[in-house]
1. Can you name the number of the only condition in (1) under 30 Å from TRP191 (Cα atoms); (2) of a type outside the set (S, T, N, Q); (3) at pLDDT below 95; (4) part of a loop (DSSP other than H, G, I, E, B) that VAL20 fails?
2. Name the residues in the stretch 176-212 that are touching an Asp or Glu at 6+ places or on another chain (Cβ under 9 Å), in a helix (DSSP H, G or I) and closer than 22 Å to ASP125 by Cβ, would you?
3. On the basis of being without any contact (Cβ under 8 Å) to a residue 60 or more places away in the chain, touching a Gly at 6+ places or on another chain (Cβ under 9 Å), of a type outside the set (Val, Ile, Thr) and surrounded by fewer than 18 Cβ atoms within 10 Å (Cβ to Cβ), does ASP125 make the cut?
4. Of the numbered conditions (1) closer than 24 Å to PRO199 by Cα; (2) surrounded by fewer than 16 Cβ atoms within 10 Å (Cβ to Cβ); (3) in contact (Cβ under 8 Å) with a residue 12 or more places away in the chain, ALA120 fails exactly one; give the number of that condition.
5. Scan the stretch 132-156 residue by residue and report those that are farther than 22 Å from PRO67 by Cβ and of a type in the set (S, T, N, Q).
6. Are any residues in the stretch 71-100 in a strand (DSSP E or B), of a type in the set (D, E, K, R) and without any contact (Cβ under 8 Å) to a residue 60 or more places away in the chain, and if so, which ones?
7. Conditions: (1) within 24 Å of GLY87 (Cα to Cα); (2) out of contact with any Pro (no Cβ under 7 Å at 6 or more places or on another chain); (3) surrounded by fewer than 16 Cβ atoms within 10 Å (Cβ to Cβ). LYS153 meets all but one. Number of the miss?
8. Could we say that THR45 is in a helix (DSSP H, G or I) and modelled with pLDDT under 90 here?
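The values are calculated or read from the model by the stated rules, or taken from the named source; none is laboratory data. Values in this document were obtained by computation on a predicted structure and should not be read as measured data. No Cβ is skipped: glycine too gets one built from the backbone with ideal geometry, and neighbour counts run over all protein chains shown.
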Amino acid sequence: MTADFPGLARDRLQEKDESVFQIYASGCSGDTTAGKYNDASELSTRGLQDRLYAAMVASWKAAKRQPLTKLDMRSVPLRLPLRSAAGYSQAELEQQLESDNPKQRCLAALGLSWRKRHLADHPIDLPIVDLGSAVMVLLPGETYVRFQLEAQKMRPDDFVMVMGYGESAPGFIPMETAWEENDSNLTSWCWVDPGSERPLMDALKSALVPAK
């Protein structure tokens with residue numbers, strides 16, 4: 001395994017200032033990708049690393065210190081609809097487990113695992129660390145970037161750090177428009193149904209702006 005260009009950029013920033021341990025975390029990037037810019041060559045990897053490193057340095061320089069006014073940790077339960085399209089029933093997924101294609105077997109196993117969890121009514125945890133003027137929230141799966149932008153709008157006066165890939169069981173979690181556009185991401189690595197946008201938005205708002 002390799003950390004690829006994000007890890008290389010992180011290492012460079014760590015070498016620049018060893019007094020602070022640098023941590024990289026992906027945001028909501030289900031519908032964004034560097035893949036089309038990355039042909040695995042040293043040139044493209046270096047170019048992406050340089051761009052990310054420059055952004056990290058600029059972000060660090062622009063950072064503003066704020067007094068710590070609170071420390072609150074909370075979690076909101078999130079329930080998403082189960083994928084009901086053809087090919088996603090329990091019988092069909094169990095049949096796919098017999099496939100000669102390893103990728104197909106893995107996808108079927110993941111789909112069955114999510115299905116079992118959903119039918120057991122075991123919600124996803126949507127955790128948040130609230131520091132007053134700054135807040136960190138962890139969203140599940142490969143959540144589309146629009147959720148990150150909407151989260152920042154919910155706390156416009158605060159620094160809102162949104163991370164993705166928390167609970168990966170649902171796979172891609174798209175906006176409703178992605179279904180309407182027949183987004184090709186949703187043909188395999190996605191185990192939720194249309195209608196997932198609203199409950200995720202509601203849970204996000206409940207976590208970020210709790211009732212007083």
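1. Status for VAL20: all satisfied but (1).
2. Answer for the stretch 176-212, where residues must be touching an Asp or Glu at 6+ places or on another chain (Cβ under 9 Å), in a helix (DSSP H, G or I) and closer than 22 Å to ASP125 by Cβ: GLU197, ARG198, MET201, LEU204, LYS205, ALA207, LEU208.
3. yes
4. The one condition ALA120 does not meet is (3).
5. Correct list: THR143, GLN148.
6. ASP72
7. Exception for LYS153: condition (1).
8. Yes: the conditions hold for THR45.
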